[in-house]
Structures are given as C-alpha cells and as structure tokens.
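**Q** Take this structure first; my questions come after.
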Amino acid sequence: MIQKLKYMNDIVDDSATKYNYIVNLASEVAKNYGFKYINTPIIEMTSLFKRSVGESSDIVNKEMYNFTDKGDRDICMRPEGTAGVVRHFVESKKDRQQPSKFKYFYFGKMYRYERGQKGRYREFNQFGCESFGEPSVLEDFMIIEMISTIFDKLNIKYALEINSIGCDSCMPVYKDNLVKFLEPKKDALCQDCQRRLLQNPMRVLDCKNSSCQEQIANAPKITNNLCESCDSDFKQLVELLDNSGIEYNINTNLVRGLDYYNKTAFEFVSKEIGSQGAIAGGGRYDKLVEFLDGKSTPAVGFAMGIERLMMLIDIPKESRDGYYLGALDANALSKILEASKKIRINSKAYVEYGAKNLKGHLKNADRFNAKYCAVIGEEELQNGTIWVKNLEDKSQDVIDFNEFIKSIG
Ligand code: HAM
C-alpha cells in the first residue's frame with residue numbers, strides 16, 4: 001500500500017469541515033477590512049525565497065522543498081505566502097501605480113522540510129494577508145485587531161506578543177551591540193546560534209535552547225535602542241492596543257524566523273496545543289518590495305496556521321439539510337431520479353440506488369443528516385404520490401408526486 005508522505009495530512013471528514021469553516025470565516029473578516037483574494041502559484045523560483053525569507057533563515061537553510069525541473073530551473077515549493085504575493089505586486093507593476101495601496105488575502109498549502117511533530121508538518125496550510133503602501137503604524141494595529149477578531153469569532157484564546165525590531169538606521173547599531181555582548185559567550189551557545197552570530201545575530205534571541213537562553217538573559221534590549229521614528233511608532237502601537245482592550249506582552253526577544261521584517265513584529269500564541277503554540281505571526285516588511293526589484297513600498301502582513309487552529313475549534317453540529325430519496329421497489333427508481341434532478345437545482349439530495357425497506361431508508365437518511373426522507377413504493381407508484389417524512393419535527397405525509405415536484409422547484 002502506498003502511504004502519504006511523512007508529516008503531510010489528508011484534510012477530510014471533520015477536519016475538512018473545520019478547514020472550510022476557518023477559511024470562510026477568516027476570508028469574510030479580511031474582506032470587511034478591505035482585503036481582496038489572491039491565489040499565487042505553489043511553485044516559484046528558489047531565488048525568490050532566498051532573497052526574501054533570507055539565506056540565513058532556517059527555512060531557506062534547511063527546510064526548502066527545492067529541485068531542478070525539466071527546464072533546468074531551480075524551483076521551490078513555497079515555504080510561505082508573502083514572497084509570492086510581493087513577487088506578483090512587483091511583476092504586475094502595482095508598485096508603480098498611484099496610490100500604490102493594495103491589500104490581499106490568501107490561503108493554501110505551504111511546504112517546509114521540518115522535523116515533524118504535533119502541529120508541525122511538512123505540508124501545512126496558512127491563511128494570510130498582505131497590505132502594501134501604508135506606512136502608518138495604524139495599519140499594523142488594524143492587522144492585529146483583525147486577527148483578534150478572527151480568533152474571537154472562532155472562540156480561540158490566545159496570548160499576543162509584540163516587539164519592534166527597528167529599521168535600517170537603528171537595527172544595525174543594535175546588532176553590533178548584541179554581537180559585542182554575545183561574542184565572549186560564544187562557546188556556550190548552541191551550534192545553530194554560533195552560526196547565527198555570524199549570519200543573523202538577532203535570531204539568537206529567540207533560540208529555545210536553555211543554554212542560549214541563559215546567555216542572553218542580560219542582553220541589550222532592542223526596544224531600548226530604537227531610533228526616534230521606530231520608538232514613536234512602537235509607543236503608538238502600544239497605546240492603540242491599550243485603548244482597544246486587546247491584551248499583549250512586549251517580548252523583546254521576539255525576532256521572527258524570516259529575515260524580511262523591520263519595525264513591528266508580532267505573534268499570537270495558544271497555550272492549548274503543546275510546544276508548537278504559535279498560531280499566527282507577522283509584522284512589517286518595508287524593504288522587501290525594493291529587495292525584489294520593486295519601487296520602495298511599505299508593507300505589513302501576517303499568516304496563521306490553519307492546522308493549528310483546527311486543533312482549537314469545535315464546529316457546531318450542522319443542522320439537518322436536504323432530501324434523502326429512496327425506492328421501496330426497484331420500479332420506483334425512475335421517479336426518484338426525476339425528483340433528485342429537480343431538488344439538486346436548489347438544494348441537496350442524497351439518492352439511494354438500491355431498493356430497501358422503509359426502516360433501512362430512514363436509517364440512511366439519518367446518517368446523511370438529511371432534513372427529509374422521501375420514498376416511493378409500489379403503492380405510491382400506483383397512486384402517483386410520494387411519502388415524505390420531516391426528520392426534524394417527525395411529521396410525515398403522502399403528497400401528490402407532481403405537487404411535490406412543483407413545491408421543490
Ligand atoms: P510564520 O511565522 O513562518 O510566518 O508562519 C505563520 C504561521 O504558520 C505560524 O504561526 C504557524 O501557525 C504556521 N506554521 C508555520 N510552520 C508550520 C508548520 N511546519 N506546520 C504547521 N503550521 C505551521 C510566515 O510564514 C510569514 N509569511 C507571515 C507573514 C505574512 N508575515 C508578513 N506577512
């Protein structure tokens with residue numbers, strides 16, 4: 001038997017219901033916030049992710065599903081959605097339009113060759129939003145507010161962590177200070193952090209290794225080293241959150257695992273799903289459009305992990321819906337098919353092809369969660385009628401077949 005690949009999931013039955021519920025709900029909220037749907041390819045040039053997510057990130061370093069295609073191109077199954085949306089934004093010259101304000105939402109499969117565990121898969125789904133052209137920190141706030149609205153609607157509890165990681169003018173100075181602080185402690189850092197110290201020292205701050213955590217306990221804090229513009233934006237974000245009643249923690253070690261961020265960085269975390277508790281993450285990435293050869297455009301966005309949200313929600317039981325149609329006698333099948341064709345123009349019909357007794361049909365109708373069970377037997381055939389039971393209020397009736405067809409039209 002051929003099995004699915006490790007750490008990849010079939011989304012089916014209850015999980016399919018949850019998936020659709022989350023995607024539909026999040027899409028409606030995103031539309032209310034002015035976002036429009038975008039669907040970019042799952043496969044892109046590998047260089048897109050190297051340049052955006054960054055060569056020093058774990059994603060590009062160790063986790064990419066990249067390969068050479070038949071045209072000898074180095075291509076990659078997308079590890080995240082932002083890069084593709086930015087690629088589209090630049091390629092379609094939206095960066096050249098005035099005003100260059102565009103907001104997109106997307107959902108779909110992402111691929112990371114990770115060490116799998118509960119909540120961490122190699123193929124997983126994200127719902128995300130990207131907003132272009134808005135430099136105001138109000139947009140960062142709006143996005144955080146939108147995510148909290150989605151989680152409230154899904155009845156998901158979360159802790160929100162925020163940070164500012166500075167900009168081109170203050171981040172490099174902070175990085176130098178951090179390297180000076182960490183250099184003497186280098187030997188006590190894990191292998192990965194020793195590499196990070198050279199390539200991307202701020203990533204050492206969010207290493208989960210306990211020895212690294214000990215070493216960074218007294219490290220300089222980025223929020224004490226921000227330039228005036230980053231500092232005032234961050235203070236405004238904090239004020240907006242305070243006024244809105246959205247609870248948050250300032251986590252000065254939150255730097256995010258992708259290299260394109262500047263200024264605001266945030267993560268929503270759930271305590272109810274084990275070690276892989278990050279349910280959404282995002283931030284500002286004002287340099288990425290330029291980095292991908294576009295005209296400098298500020299941007300901010302986020303993505304949430306749909307599988308992790310699926311672990312956190314209960315779907316209300318669906319109410320009974322549609323008709324179950326069955327024949328008591330094989331001769332009645334053609335009438336059943338006539339009725340099902342009519343019903344399916346506007347609503348749901350489940351058709352049983354085999355003739356059964358009434359008890360069997362009622363059991364089936366219940367299994368399909370149908371609202372009505374309608375059957376035709378020899379007697380109904382002779383009288384030109386159909387027997388219909390409402391499985392909600394348990395009422396039943398024998399109706400003229402033509403009247404029945406008219407009533408469902
Ligand atoms: P990210 O933090 O890498 O950000 O991923 C966002 C969310 O995707 C995570 O919070 C988590 O819920 C989910 N996720 C990530 N990896 C896995 C995995 N292996 N298995 C299951 N779920 C996972 C980004 O991807 C950025 N593109 C977000 C963004 C958009 N920033 C700005 N715009």
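The values are calculated or read from the model by the stated rules, or taken from the named source; none is laboratory data. For clarity, every value in this text was computed on a predicted model and none was experimentally measured. Note that we place each Cβ from the backbone using ideal geometry, even for glycine, and neighbour counts take in every protein chain shown. Accessible surface is based on the protein model in full, side chains and every heavy atom, while ligands, DNA and RNA are left aside. Shrake-Rupley method; radii C 1.70, N 1.55, O 1.52, S 1.80 Å.
**Q** Out of TYR33, TYR37, TYR19, TYR65, which single residue is among the aromatic types (Phe, Trp, Tyr) and open to solvent by 60 Å² or more (accessible area, probe 1.4 Å)?
**A** Answer to the selection: TYR37.
**Q** Output the residues belonging to the range 151-174 that are part of a helix (DSSP H, G or I) and either open to solvent by 60 Å² or more (accessible area, probe 1.4 Å) or without any contact (Cβ under 8 Å) to a residue 12 or more places away in the chain (or both).
**A** The answer is ASP152, LYS153, PRO172, VAL173.
**Q** Can you say whether ASP233 is more than 30 Å from VAL12 (Cα to Cα) and either away from the ligand (no atom under 12 Å from the Cβ) or not acidic (Asp, Glu) (or both), as far as the supplied structure shows?
**A** When the stated conditions are applied, ASP233 passes them.
**Q** Moving to a separate point now. So in the range 276-307, with the set limited to residues that are of a type in the set (D, E, K, R) and surrounded by fewer than 24 Cβ atoms within 10 Å (Cβ to Cβ), which one is farthest from ARG122 (Cα to Cα)?
**A** LYS295
**Q** Follow-up. Just give me the residues in the range 295-324 being part of a loop (DSSP other than H, G, I, E, B) and either of a type in the set (S, T, N, Q) or within 16 Å of the ligand (Cβ to nearest atom) (or both), in sequence order.
**A** SER296, THR297, PRO298, MET311, LEU312, ILE313, SER319
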